[in-house]
Amino acid sequence: MELLRLAGLPGVGKSTTAWAVANRFAADGIATAYIDIDQLGMCYPAPVDDPDRWVLKERALAAVAREFRRAGVERMVVSGVARPDRPPALVPGVEVRSLWLRATESTRRARLRGRGDSDDQVAASLTAGSLEESRIDTAWEQLATDGLSEAETVTAVLARRAAASTLMSGADVETSTDTADRMLWLTGPRLAGASRIGWEIVAEEWSRDRRTGFFDLAQLSFVWNVADTGVANLAAVIREFRRVGTDQFVVVAPLEVDPLTVRAALPASDVAFVRLASAAADLADRARARQRGEGPRLAGDDLLGAGDATLADVLRSAAAQSALPRRDGELIVRAAGLSPAEAASAVRAVASW
């Protein structure tokens, strides 16, 4: 399997470019996977010996790459911030090609503002970025993106990929940690608010210094021309989180994932399955908010800037999901009319969290 990694500072275009490259590979019929490495490190408080979670994310990335390879993925595209003062990390048993995307401060400022970041967020990103890029290891192959459109950046990345030397890592070593943990599994029809409510819950755990992992299963499941590996990826990453003492997890997941599949993949986890029920009016309001670009920007969001026809299709799908019967073991929380904080309290109560 080949892994193409695009790193760099906020605003250089790494996520947008990586997503476009992955879709290009998929359109060519190649078995392809995509992941943002930031999705593999949401664990706080951070380990004392790994305060920025660099090591945790690299180990989790290697674990996910192993699962994708087992599923038959031929090319894996990874975006996200990497440690600049170290050479590009190698992944056991995988061919790795790494590029560090760069852009001037003025370009990055314009791009960060264009995606809706506040002035304070832009300033913080630029300050941290200048410090990080001053420490960049010379082993990173660099590519400037100033003045390039998205399509031109994709073309430049593909050209560099074709010319890049191949780095082979050492033996493929798999670890296994079967310590028990507890898990809150939050699901529901699309737009029911699982992500917002799950984030509310995990943020409270983090504020209390309870080491907790957070996952959005959809963000671990981007594959084309090959079977879905999301739950297997989750199990692999959880093993890495357990290694640093994480014993509780909050997972938000699509309703399509069956609890029986989760129990089979995570036999050491005590899982509370909570399903949100939401009113049609609330679903429509959230859909329109996503259409306007409100909320976090995540890969694969087909509502961001979508037309009304797409919005209507999504709402029809959400309505059909809402009508599905409760599955064995699911706890129902009726979140209609509740704020995220109120819904989080209701979820905690029903799940004894």
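The values are calculated or read from the model by the stated rules, or taken from the named source; none is laboratory data. For clarity, every value in this text was computed on a predicted model and none was experimentally measured. So basically every Cβ, Gly included, is an ideal-geometry build from the backbone, and we count neighbours across all protein chains shown. Only protein heavy atoms, including side chains, enter the accessible area calculation; ligands, DNA and RNA are left aside. Shrake-Rupley method; radii C 1.70, N 1.55, O 1.52, S 1.80 Å.
Picking from residues in the stretch 96-116 that are touching a Lys or Arg at 6+ places or on another chain (Cβ under 9 Å) and farther than 18 Å from LEU143 by Cβ, the one that is most open to solvent (accessible area, probe 1.4 Å) is ARG115.
Within the stretch 84-117, the residues that satisfy the criterion of being in a strand (DSSP E or B) and not β-branched (Val, Ile, Thr) are GLU95, ARG97, SER98, LEU99, TRP100, LEU101, ARG102. Between THR229, THR177, the distinction of being closer than 20 Å to ALA62 by Cβ, modelled with pLDDT under 95 and buried (at least 19 other Cβ atoms within 10 Å of the Cβ) belongs to THR229 only. Against the test of being part of a loop (DSSP other than H, G, I, E, B), touching a residue at least 12 places away in the same chain (Cβ under 8 Å) and either within 23 Å of ARG242 (Cα to Cα) or among the hydrophobic types (A, V, I, L, M, F, W, C) (or both), the options VAL81, VAL64, VAL21, VAL48 yield a single qualifying residue, VAL81. Residues in the stretch 41-71 that are open to solvent by 40 Å² or more (accessible area, probe 1.4 Å) and either under 18 Å from the mean Cα position of the chain (by Cα) or not charged (D, E, K, R) (or both): TYR44, VAL48, PRO51, ASP52, TRP54, VAL55, GLU58, ARG59. For the stretch 28-40, the set of residues classified as open to solvent by 30 Å² or more (accessible area, probe 1.4 Å) and of a type in the set (Asp, Glu) consists of ASP28, ASP38, listed by residue number. Of all residue pairs spaced 6 or more apart or on separate chains, those with beta-carbon atoms under 6 Å, a first member in the stretch 4-18 that is at positive phi and a second member that is part of a strand (DSSP E or B) and open to solvent by less than 10 Å² (accessible area, probe 1.4 Å) are GLY8/TRP100; GLY8/LEU101. Remark: pairs (first residue in the stretch 93-107, closer than 19 Å to VAL64 by Cβ; second residue hydroxyl-bearing (Ser, Thr, Tyr) and outside any helix (DSSP H, G or I); Cβ separation under 9 Å; 6+ apart in sequence or on different chains) = GLY93/SER169; VAL94/SER169; GLU95/THR166; GLU95/SER169; VAL96/THR166; VAL96/SER169; ARG97/SER165; ARG97/THR166. In this entry, ALA279 is excluded by the filter for residues that are modelled with pLDDT of 95 or more, open to solvent by less than 50 Å² (accessible area, probe 1.4 Å) and more than 30 Å from LEU61 (Cβ to Cβ).
Confirm whether ARG275 is under 24 Å from LEU331 (Cβ atoms), assigned to a strand (DSSP E or B), among the charged types (D, E, K, R) and over 15 Å from the mean Cα position of the chain (by Cα). Here the answer is yes, as ARG275 does meet what is asked. Would you tally the residues in the stretch 298-353 being over 27 Å from GLN248 (Cβ atoms), assigned to a helix (DSSP H, G or I) and touching a helix residue (DSSP H, G or I) at 6+ places or on another chain (Cβ under 7 Å)? Here the count works out to 5. Summed over the stretch 316-336, the residues that are open to solvent by 70 Å² or more (accessible area, probe 1.4 Å), closer than 13 Å to ALA277 by Cα and not basic (Lys, Arg) give a count of 3. Listed residues ALA272, ALA312, ALA284, ALA349; which is open to solvent by less than 40 Å² (accessible area, probe 1.4 Å) and under 30 Å from ALA236 (Cα atoms)? Criteria check complete, one pass: ALA272. The strands (runs of 3 or more DSSP E) found wholly in the stretch 176-271 and carrying at least 1 residues that are out of contact with any Asp or Glu (no Cβ under 9 Å at 6 or more places or on another chain) and in contact (Cβ under 8 Å) with a residue 24 or more places away in the chain occupy 181-187, 212-216, 222-224.
Anything in the stretch 22-63 that is farther than 23 Å from TRP206 by Cα and hydroxyl-bearing (Ser, Thr, Tyr)? List them, or say none. Listed by number, the residues that qualify are THR32, TYR34. Of all residues in the stretch 249-268, none are over 21 Å from ASP38 (Cα atoms), buried (at least 18 other Cβ atoms within 10 Å of the Cβ) and among the hydroxyl-bearing types (Ser, Thr, Tyr). Check the stretch 134-142 and report whether any residue there is modelled with pLDDT under 95 and of a type in the set (Phe, Trp, Tyr). Looking for residues that are modelled with pLDDT under 95 and of a type in the set (Phe, Trp, Tyr), one finds at least one in the stretch 134-142, hence yes.
Scanning the stretch 25-36 finds no residues that are at pLDDT below 95, assigned to a strand (DSSP E or B) and of a type outside the set (Gly, Ala, Ser).
Within this structure, ALA299 passes the test of being under 16 Å from the mean Cα position of the chain (by Cα), within 17 Å of ARG190 (Cβ to Cβ) and either free of Cβ contacts under 8 Å to residues at least 60 places away in the same chain or open to solvent by less than 40 Å² (accessible area, probe 1.4 Å) (or both).
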